[in-house]
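Undergrad: Can you read through this structure? Questions will come right after.
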Amino acid sequence: MKKIISLLLSLIMVFSLFTLTFAAESVDEDTTKYPIILVPGYSSSKLYRIDEKTGEQIPVWLDAYAQIAQGLVDNKEAILLGLAQSAATNDPGPMGRAVKKAVYEALDGMKCNDDGSSYYDVKNYVHTPEETNYKYLNENYPEGEHQAEKEMMGYFGNVIGEENTYVFTCDFRMGAVANANSLREYIDDVIEYTNKNRTEKDKIDKVNLFAVSHGGQVSGTYLTLYGYEGKVNNAVLTIPALGGAGIAYDIFNGHCEFDEVGLLTFVQHGCVLEEDYQIFLEAEKLGFLDELIDYIIQGGVEGVLTWGSLWDFIPIDKYEAIKAKHLDPVKNAEVIKKSDYMHYEIMSPSGDHYFAKGFKKAQQAGTKIYIMAGYDNKVITGLAENSDSIITTNASTGATCAPFGQRFADGYTQKVDTGFYQVSPSMTVDASTSYLPEYTWFIQNYYHGMTYYDSYTHSLLNKLILNDGAGYDVHTFKEYPQFHATTNPAHTVFAAFDSSAEGYLSSEDKALTIKNLSKENTLVVSAVTVCGADFDFSFVPFALAPGESKSIAIKGDIPAVSVKNIEINVTYMMGTVTPIGERVFDFTVMNGEKVAFDAEKPLVSASHSQKIDEVLSGYVNENLINTGTKRIVSMLYNMIYKVVVIFDKLMAIFGK
């Protein structure tokens, strides 16, 4: 059974980035006059080489999944034989070795020399502004080829014209600096091309950048090196890999311990599934999947060892160890030289071209730079750091983060006095050290690349990139607080207090508002419990139609302290194949004198004890954890607990 689940999860990974339709959003009156350039995520550009003998175009990269899939098809007999042997022996080795060989062969056309240069003369299918605006792409590639972030860019095209929306293409194997140089040339070309078709009064000298993931690293490097030129109006970097990607470290380190529950949750977010399937995996120990992926990674690493871009993905604190493991100081000297420059001049705070320094120069030249990033997810390949599941939150933003599964202790003081409080409600992220403390938004449980499916993130993106006004910051709009719990429908419910900023609680608050995020299902809120404080809610179970909200009054006293973390669990029932579910919301109490910080224990568990822990013995608790059933039992207990409380109230009323 475990092997079957492992293989199914492998397939799920392949389909996890399929996209859905992007919802329409209202546009401000001061709509941008500048074109929008998409700088897309990793491996988005399609590449080819010319056969030296025939002159024929040979595809060397179509997309990540098609590329690997074709390699698997070409080696299907060996893989099927390996699968049979692995199934018979419970050893992933035979299948893993067959898949490793297929992956290595699939990457042959993309191989680089020891110095990081391309072995073949590789080119982009489309590259110039004439070829890469979405009007041209829609007319010439109606099936959607070359149209990265098609839904989002389709929306922007409807607002400002498809001819004014562009996608930047590049050889993504090369390092961020090389691609930033290409982006600089491309921006100049787009400005020149746009002005050919405009009257004198409508000519432009700037563009807008919408950067995603790896595109965020490329754009951030461009802004750091060349932002002083003032050729960008608005730059929105979503889930940017500025300081690297945690998943790259796990891959180059040669071993992954997949977080299967997190991986399935990632898939649920991407597919907007409202069922809570990951609950079924909590009891499974899927080591078979980890071992199989390790074999695949070995084949992949051998084929991409001198891709400069992948070295730029290694976080700076892990760079030297991984470099010593894989790169030869003589043979790979040029790769090391370029990667050292990226790490020690651009990623490192002590570098002359550190992101924060470069961004400041760009801002002084008139560029508005914004960052949106996810937090409170584990890296799916096992790295226990706060992330959006692919890129660590620290790498995306420069924020100081507690290790995944831990938080800063109550009473924590942020590292930099920015003039306002910048610690997340879960007390896991200190945003005061960010590259851009006032222009960075953090979305809790926001998974990598899920901008389409969270009403907050895509609405905020539109507002930031489409407006030519003076610009915004995290204080501008109450509806866009710096810290936000994702509203992806896969999370089913959302909760916030009525007066404080989202995620915080004070004496001004009188009620908790709960919203049904589902687009199709009515749910019954069956229990709302508080962990970490003694107050409660005036509550009886109630139903919420899709999109409906209801407020429940606070009962009791809110703690008269500040910088204290609490959790509120909302347990619900819904008519799906997973009929019960629960979402945990973090809040920071800001209601009095600051709690004393315990410097000897600066980090504590990110999760509070649950109601059920009050009645469990140590032996029973351990067994529930080991069998992966504690979450289900805890939800049922919360529901029963609330029923008993309500019954006691009724007995007290009618017993008088």
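Undergrad: Applying the Karplus parametrisation 6.51 cos²θ - 1.76 cosθ + 1.60 with θ = phi - 60° to the phi angles of the range 123-129, what ³J(HN,Hα) value in whole Hz is obtained for each residue in order, glycine and proline being reported as x?
TA: Result, rounded to whole Hz: 9, 7, 5, 10, 8, 6, x.
Undergrad: Taking all protein chains in place and a 1.4 Å probe, what share, in percent, of the accessible surface of the range 299-429 do carbon and sulfur account for?
TA: Details: 2570 of 4680 Å².
On the range 299-429, the fraction of accessible area on carbon and sulfur atoms equals 55 percent.
Undergrad: Sticking with this structure for a sec: Kindly write out, for the range 478-494 in residue order, the coupling ³J(HN,Hα) from the Karplus curve 6.51 cos²θ - 1.76 cosθ + 1.60 (θ = phi - 60°), rounded to whole Hz, with x marking Gly and Pro.
TA: These are the phi-based 3J(HN,Hα) values: 4, 6, 10, x, 4, 10, 9, 8, 3, 10, 4, x, 4, 8, 6, 10, 9 Hz.
Undergrad: Quick one: work out the % antiparallel among DSSP beta bridges in the range 425-580, nearest 5. Write down the numbers at each step before the final one.
TA: Working: 24 of 27 bridges.
In the range 425-580, DSSP labels about 90 percent of beta bridges as antiparallel.
Undergrad: Can you pick out the pairs among Lys76/Lys100; Lys203/Lys463; Lys231/Lys368; Lys33/Lys196; Lys76/Lys111; Lys150/Lys519 whose Cα atoms lie more than 18 Å from each other? Let's see the in-between values first.
TA: Working: Lys76/Lys100 12 Å; Lys203/Lys463 23 Å; Lys231/Lys368 11 Å; Lys33/Lys196 15 Å; Lys76/Lys111 22 Å; Lys150/Lys519 23 Å.
Table pairs above 18 Å Cα-Cα are Lys203/Lys463; Lys76/Lys111; Lys150/Lys519.
Undergrad: Also: Sorting Lys206, Lys515 by accessible area (1.4 Å probe), largest first, what list results?
TA: Numbers: Lys206 40, Lys515 80 Å².
From most accessible down to least: Lys515, Lys206.
Undergrad: Grab the other residues whose beta carbon is less than 13 angstrom from that of Thr440, score K and R as +1, D and E as -1, and report the net.
TA: Working: positive: Lys368; negative: Asp430, Glu438, Asp473.
So the environment of Thr440 carries a net charge of -2.
Undergrad: Could you put Ser538, Ser562 in order of accessible surface area, largest first, with the 1.4 Å probe and the full protein assembly present?
TA: Ser538, Ser562
Undergrad: Rolling a 1.4 angstrom probe over the protein chains, ignoring ligands and nucleic acids, what is the accessible area of Glu185 in square angstrom, nearest 10?
TA: Counting only protein heavy atoms, the figure is 120 Å².
Undergrad: So for the pair Ser455, Lys196, with labels modelled 7 Å out along Cα→Cβ, what separation do we get in nm?
TA: 4.4
Undergrad: Could you please report the charge total around Ile316, scoring K, R as +1 and D, E as -1 over all other residues with beta-carbon less than 12 angstrom from its beta-carbon?
TA: Counting the neighbours of Ile316, the net charge comes to -3.
Undergrad: Report Asp317's accessible area, 1.4 Å probe, all protein chains in place, as a number in Å² to the nearest 10.
TA: Around 120 Å² of this residue is reachable by solvent.
The values are calculated or read from the model by the stated rules, or taken from the named source; none is laboratory data. What you see is a predicted model; the values in this text were computed from it and never measured. Every residue, glycine as well, gets a Cβ built from its backbone with ideal geometry; the counts of neighbours run over all protein chains shown. Heads up: the accessible areas ignore ligands, DNA and RNA and are worked out on the full protein's heavy atoms, side chains in. Shrake-Rupley method; radii C 1.70, N 1.55, O 1.52, S 1.80 Å.
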